[in-house]
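Trainee: Here's a structure for you.
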Amino acid sequence: MSALLEVEDLCASYGASQALFGVSFTLKEGCALALMGRNGMGKTTTIACITRMMAANSGRISFAGQDLSRLPSHRAARLGLGLVPEGRRAFAGLTVRENLMAAARRGEWTMARVCALFPRLAERAGQRAETLSGGEQQMLVIGRALMTNPKLLILDEATEGLAPVVRAEIWAAIRELKAQGQSILVVDKSLRELATVADDCVVLERGRDVWHGSPAALSGDLAQQYLGV
Ligand code: ATP
């Protein structure tokens, strides 16, 4: 399968403090790649560079055959990067339907398809987002990203802080998306859940990619060393 996203020797800084020291990985079309590592190792920074929220110091990012390195973030979104950022909220004052329709772009994803994936959103289509539970809001935020018909869905800690039962629902939806052929870049702390969707894992340590492999191979001592689990 061809590469959808190629990150090569990415370096990035916050002012004088360097956060990424040469991160490289490849995500193939239709695959799910997990970006892993303990807190502060550079996962969110890597995603910020890919989505052009942050300018890299150096390195190359190519997506769907285009060099992203020089594009502003609104252009990157139009190329098909659907980001669900850490801690993101829906538009509180808009209804579920309005939230979804505001994000809609032409393609295979419709409100009906999002509601088939997350039936709770169908039940609450006319409710304002601020009246939803945290888990339902997160489903709405993922639904919004899907409504843009992304070539790549990027999930940064999409189940953080949610109740176990809601987490399970969201992971089931992520597995369903993967089965439907959606390419996914996912950051999460749960190795057990990641193992059910990720084809490949990349571990970051202090801003470097220090390990690449399958989730099954990342267990025991390795998981302890890199993830502290
Ligand atoms: P977490 O799981 O905690 O989100 P992470 O792996 O996503 O961790 P990053 O958020 O990418 O890590 O952080 C990488 C490094 O950059 C850390 O040393 C962090 O302290 C630093 N950093 C992150 N955001 C900023 C910022 N806005 N200003 C300065 N330094 C930052």
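Taken together, the values in this text are just the output of simple stated rules run on the coordinates, not laboratory data. Nothing here was measured: the structure is a model prediction, and the numbers come from that model. Please note: Cβ atoms are built from the backbone with ideal geometry, for glycine as well, and neighbour counts cover all protein chains shown.
Trainee: Please figure out what share of the DSSP beta bridges in the chain is antiparallel and state it in percent, rounded to the nearest 5.
Mentor: Bridges in the chain that DSSP calls antiparallel: roughly 55 percent.
Trainee: A further question follows. Å³ per residue of the Cα convex hull, for region 1-87?
Mentor: 104 Å³
Trainee: Over all distinct Cα pairs, what is the inverse of the mean 1/r for the chain, reported as the Kirkwood hydrodynamic radius in Å?
Mentor: Evaluated over the chain, this radius sits at 17.9 Å.
Trainee: How would you rank M41, M139, M101, going from fewest to most other Cβ atoms within 10 Å of each one's own Cβ?
Mentor: Least crowded to most crowded, the residues run M101, M41, M139.
Trainee: Just give me a number: lysine pairs in the chain, eight or more positions apart or cross-chain, with C-alpha atoms less than 13 Å apart.
Mentor: Final tally of qualifying lysine pairs is 4.
Trainee: Can you run phi through the Karplus equation (6.51, -1.76, 1.60; θ = phi - 60°) for region 185-193 and list ³J(HN,Hα) in whole Hz, with x for Gly and Pro?
Mentor: 10, 10, 10, 7, 8, 8, 4, 5, 6
Trainee: Subtracting the Cα-Cα distance from 0.36 nm times the residue separation, let me have the gained length for T196 to T26 in nm, one decimal.
Mentor: Taking 0.36 nm per residue and subtracting the Cα distance, the gain is 59.2 nm.
Trainee: While we're here: Using only DSSP helix segments of four residues or longer, with each worth -39500 (n - 2.57), what per-residue ellipticity at 222 nm results for the chain after dividing by its residue count and rounding to 500?
Mentor: Here the helix-only value at 222 nm equals -9000 deg cm²/dmol.
Trainee: Could you work out the Rg to Rh ratio of region 92-167, with Rh taken as the Kirkwood radius (inverse of the mean 1/r over all Cα pairs)?
Mentor: 0.94
Trainee: If neighbour count is taken as other Cβ atoms inside 10 Å, put L71, L204 in order from fewest to most.
Mentor: L71, L204
Trainee: Hydropathy at least 1.6 by Kyte-Doolittle, axial extent at least 27 angstrom from the Cα trace: which helices of the chain, defined as entire DSSP H runs, fit?
Mentor: Qualifying helices: none.
Trainee: While we're on this one: S13 to R38: extension gain in nm, 0.36 nm per residue of separation minus the Cα-Cα distance?
Mentor: Residue separation times 0.36 nm, minus the Cα-Cα distance, leaves 7.1 nm.
Trainee: From the P(r) of region 104-229, can you give the percent of Cα pairs sitting at distances over 27 Å?
Mentor: The calculated P(r) of region 104-229 puts 25 percent of pairs beyond 27 Å.
Trainee: A follow-up question, please. If contacts are Cα pairs under 8 angstrom and at least 6 residues apart, what is the relative contact order of the chain in percent?
Mentor: In percent, rounded to a whole number, it is 27.
Trainee: Using amide H atoms built in the peptide plane, which far-off residues or other-chain residues are under 5 Å from V23 H to H?
Mentor: Those lying under 5 Å, H to H, from V23 are D9, L10, C11.
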